[in-house]
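Take a look at the structure below.
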Amino acid sequence: MAVLLNPLCLSRKSCQEILLEKSLSLHWPPLVQKRTGENRVVLYDRISGFIWLFLGLIICVMSYRIDLGEAGSPGPGFIPFLTGCLLILLSFIFLVKSFLLSTDSRREKNLWKGLRWDKPLLVVIALFAYILLLPVFGYLVVTLLFMVFLGKLIQPQKWTMIIIISILSVAASYLIFGLWLNCQFPKGVLKF
Amino acid sequence: MEILSNLISGFQITFEPINLLSCFLGVVIGTLIGVLPGIGPTGTVALLLPLTFSVSPVTAIIFLAGVYYGAMYGGSTTSILVNIPGEAASIVTCLDGYEMAKKGRAGPALGISAFGSFIAGTLGLIGLMLLAIPLASAALKFGPPEYFALMCLGLTILIFMARGSMVKSLIMATFGLGLSHIGIDTITGQPRFTFGVPELADGVGLIPLAMGLFGISEVLLNVEQKVKQQVVETHIKGLLPNAKDWKDATPAILRGSLVGFLLGILPGAGAFISSFVSYGLEKKISKNPELFGTGVIQGVAGPESANNAASSSAFIPLFSLGIPSNSVIAILLGALIIHGIRPGPSVIQHHPELFWGTVASMYVGNLLLLILNLPLIGIWVRILKIPYPILFPLILLFCIIGTFSLNNSLVDVFFLILFGIIGYFFRKLEYEIAPLILAFVLGPMLETALRQSLILSDGSFTIFFKRPISVTCFILAIALFSTFVLSSVRKKKGIIL
């Protein structure tokens with residue numbers, strides 16, 4: 001592959017450069033991320049590196065306890081143990097690399113700067129509230145409230161618009177999944 | 001002749017009303033999500049998978065495959081008209097496509113991308129038919145060591161092709177492997193990493209995982225943006241390319257088809273990389289490379305053909321080896337398993353209706369896409385005007401119901417949200433998700449193959465070096481890996497961390 005890609009000057013780097021030059025991104029609305037030397041996400045990399053290291057250790061310990069088996073007949077813990085070891089090795093390499101790259105923490109890019117970080121948090125809270133309330137009040141009521149809340153969340157739309165779309169989507173989803181595909185939605189105390 | 005008679009029976013399957021309808025719906029939904037940025041083919045295929053549980057496997061695969069290659073068609077529309085790629089494989093189409101649109105040549109750009117896609121998709125299908133069968137019969141002779149070696153090579157290529165950092169991609173693949181170990185061990189029946197949760201006995205579901213990582217996380221990333229939606233105002237006239245356009249574009253279409261076809265077979269390469277390689281190739285062999293980026297038709301025809309050919313050839317490893325080459329195909333593989341079909345080289349032999357029905361439906365689907373795309377382009381553009389605040393609650397609702405309907409279980413929905421949050425951080429920290437999904441799907445197969453090989457060899461790893469196919473795969477994997485490590489060492493402070 002290296003032979004195939006490099007003569008065309010199309011390493012992964014150049015793919016990224018093309019994206020950056022043209023300010024193109026895969027997100028909607030378009031996220032324009034400039035990736036320059038001082039903007040690397042080194043601090044975040046270090047944190048995630050330690051999380052991977054920790055996770056690798058946990059996998060190793062847990063799979064060791066399951067049963068590694070013998071060489072001729074590997075037990076159920078054997079492959080997970082190898083996976084854990086690999087994760088430890090990779091996170092170690094990753095951490096070493098992130099520490100070798102010197103960084104000035106004051107110039108570190110804040111991944112949430114200029115963004116409305118409260119919005120995803122609210123969406124997540126709404127999602128958890130949804131699965132907690134669903135068995136209590138039933139599919140139709142909770143889903144309708146969920147849709148109305150989300151409709152108002154990022155850019156308040158007109159009430160009539162939100163209510164129409166919410167009712168339509170709840171009705172359509174109930175007809176398709178609840179009635180046609182026989183999905184057993186929780187009914188809750190309201191019995192519908 | 002055998003191929004022809006098989007293909008005819010494939011067409012008979014495709015023309016059954018339910019299959020024709022699912023093919024039509026598949027390509028329409030595919031075009032729609034291709035047009036809409038912010039929701040890609042992987043998320044959509046995962047999202048729609050539960051809808052297919054009540055139909056036969058062939059109808060399900062026809063539908064889901066339609067979504068996949070339909071997205072490749074749709075993605076180019078927004079690239080050309082508004083400089084926003086609908087999905088990753090159409091990014092490079094922006095470079096010349098949008099420039100052509102600015103010069104008032106949006107029509108020919110859209111036209112050539114639709115015709116190029118059609119030609120490349122069809123050529124890719126012929127390749128798929130000719131290559132999948134001999135490969136499957138060769139693969140029937142594969143034992144566990146060959147499979148293990150092949151999957152290792154596949155994962156190495158996947159990581160090599162990854163867009164961002166290699167170490168990060170490797171970590172993601174390892175994490176995917178780790179997730180695949182959760183659940184009851186298939187050989188000994190012992191629970192692993194289930195933490196006493198009964199729902200985890202069957203392991204983490206592919207659907208909550210894929211929908212969370214691709215669907216929910218995308219929504220979380222998008223709702224924090226302050227950018228307002230662009231207003232799309234375009235007038236298109238004259239969709240048919242003229243004689244000179246055809247003369248310029250035809251060689252590019254053919255080259256793009258070949259590049260896309262070859263790269264589509266490789267794991268991880270797929271539509272995205274092949275579109276870039278095709279663009280690079282066109283620029284390199286052009287007499288006027290400096291004109292690229294100013295609106296030359298080859299820059300649209302090549303990549304658009306490549307991504308469609310790649311989406312056809314991506315089915316080759318799925319049907320002949322049972323190995324997915326990208327995350328959409330990985331979900332299709334999951335769909336086969338859910339429908340009770342054991343993926344592997346015997347699929348074509350044991351379920352000829354599935355293979356030939358799908359192939360024939362792709363011919364029909366490509367034609368439908370050509371018909372749908374050209375006259376209806378105005379409608380697709382109008383869809384871009386749906387505001388995101390209205391779209392995202394619907395995406396969330398669909399993710400939740402789709403996941404819930406799998407087992408009528410709220411625990412699955414909990415995992416969906418959990419993976420959504422994890423996926424959000426992965427994307428923030430520039431971890432690529434595709435290696436995770438592929439390793440997750442390959443994990444159980446990889447593990448079974450390794451353990452069976454070791455049982456065969458009585459615990460000796462030398463078994464992998466005694467068989468010619470596995471040795472070749474390992475040598476290729478090691479060679480690939482070392483070229484990569486060497487080049488990143490040379491760069492030291494390069495972009496590849």
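The values are calculated or read from the model by the stated rules, or taken from the named source; none is laboratory data. A quick note: this is a predicted structure, and the numbers were derived from the prediction, not measured. Cβ coordinates were reconstructed from backbone atoms using ideal geometry, including for glycine residues, and neighbour counts include every protein chain displayed.
Against the list (1) over 22 Å from B:GLY334 (Cβ atoms); (2) crowded, with 22+ Cβ neighbours inside 10 Å, the condition B:ILE417 fails is (1).
Kindly establish whether A:LEU121 is modelled with pLDDT of 90 or more, facing chain B (nearest Cβ under 7 Å) and under 27 Å from B:GLY420 (Cα atoms). The answer is no for A:LEU121. Every condition in (1) at pLDDT 50 or above; (2) at the interface with another protein chain (Cβ under 10 Å from one of its Cβ atoms); (3) in contact with a helix residue (DSSP H, G or I) (Cβ under 9 Å, 6 or more places away or on another chain); (4) exposed (fewer than 15 other Cβ atoms within 10 Å of the Cβ) holds for A:LEU87 except the one numbered (4). In the range A:165-186, is there at least one residue being among the β-branched types (Val, Ile, Thr), free of Cβ contacts under 8 Å to residues at least 60 places away in the same chain and not in a helix (DSSP H, G or I)? For the range A:165-186, residues among the β-branched types (Val, Ile, Thr), free of Cβ contacts under 8 Å to residues at least 60 places away in the same chain and not in a helix (DSSP H, G or I): absent. Take the conditions (1) part of a loop (DSSP other than H, G, I, E, B); (2) basic (Lys, Arg); (3) without any contact (Cβ under 8 Å) to a residue 12 or more places away in the chain; A:LYS152 misses just one of them, which is (1).
Based on this model, can you work out whether B:ILE371 counts as free of Cβ contacts under 8 Å to residues at least 60 places away in the same chain, farther than 30 Å from A:VAL142 by Cα and assigned to a helix (DSSP H, G or I)? Here the answer is yes, as B:ILE371 does meet what is asked. Residues that are without any contact (Cβ under 8 Å) to a residue 40 or more places away in the chain and at the interface with chain A (Cβ under 7 Å from one of its Cβ atoms) within the range B:430-464 comprise B:LEU454, B:ILE455, B:ASP458, B:GLY459, listed in sequence order. Every test in (1) farther than 16 Å from B:ILE216 by Cα; (2) assigned to a helix (DSSP H, G or I); (3) not acidic (Asp, Glu) is passed by B:GLY459 save one, and that test is (2). Selection of the range B:82-99 for residues being surrounded by 24 or more Cβ atoms within 10 Å (Cβ to Cβ), more than 10 Å from chain A (Cβ to nearest Cβ), over 15 Å from the mean Cα position of the chain (by Cα) and not β-branched (Val, Ile, Thr) yields B:ASP96, B:GLY97.
Please enumerate the residues belonging to the range B:397-410 that are at the interface with another protein chain (Cβ under 9 Å from one of its Cβ atoms) and either at pLDDT 90 or above or within 15 Å of B:LEU51 (Cβ to Cβ) (or both). Write out each step before concluding.
Applying the first criterion (at the interface with another protein chain (Cβ under 9 Å from one of its Cβ atoms)) to the range B:397-410 yields B:397-398, B:400-402, B:404-405, B:408, B:410.
The answer is B:LEU397, B:PHE398, B:ILE400, B:ILE401, B:GLY402, B:PHE404, B:SER405.
Of all residues being closer than 21 Å to B:LEU416 by Cα and of a type in the set (D, E, K, R) in the range A:107-156, which is surrounded by the most Cβ atoms within 10 Å (Cβ to Cβ)? Just the residue, please. For the range A:107-156, the residue satisfying everything is A:LYS119.
In the set B:ILE253, B:ILE273, only one residue is at pLDDT 90 or above, among the hydrophobic types (A, V, I, L, M, F, W, C) and crowded, with 24+ Cβ neighbours inside 10 Å; that residue is B:ILE253. Taken as a whole, the condition of being more than 30 Å from B:GLY111 (Cα to Cα), part of a helix (DSSP H, G or I) and in contact with a Leu (Cβ under 7 Å, 6 or more places away or on another chain) does not apply to B:PRO444.
Among the residues of the range B:382-393, those that are part of a helix (DSSP H, G or I) and crowded, with 21+ Cβ neighbours inside 10 Å comprise B:TYR388, B:PHE392, B:PRO393.
When you scan the range B:283-303, do you find a residue that is under 23 Å from B:THR42 (Cβ atoms) and either of a type in the set (Gly, Ala, Ser) or within 11 Å of chain A (Cβ to nearest Cβ) (or both), even just one? The answer is no; no qualifying residue exists.
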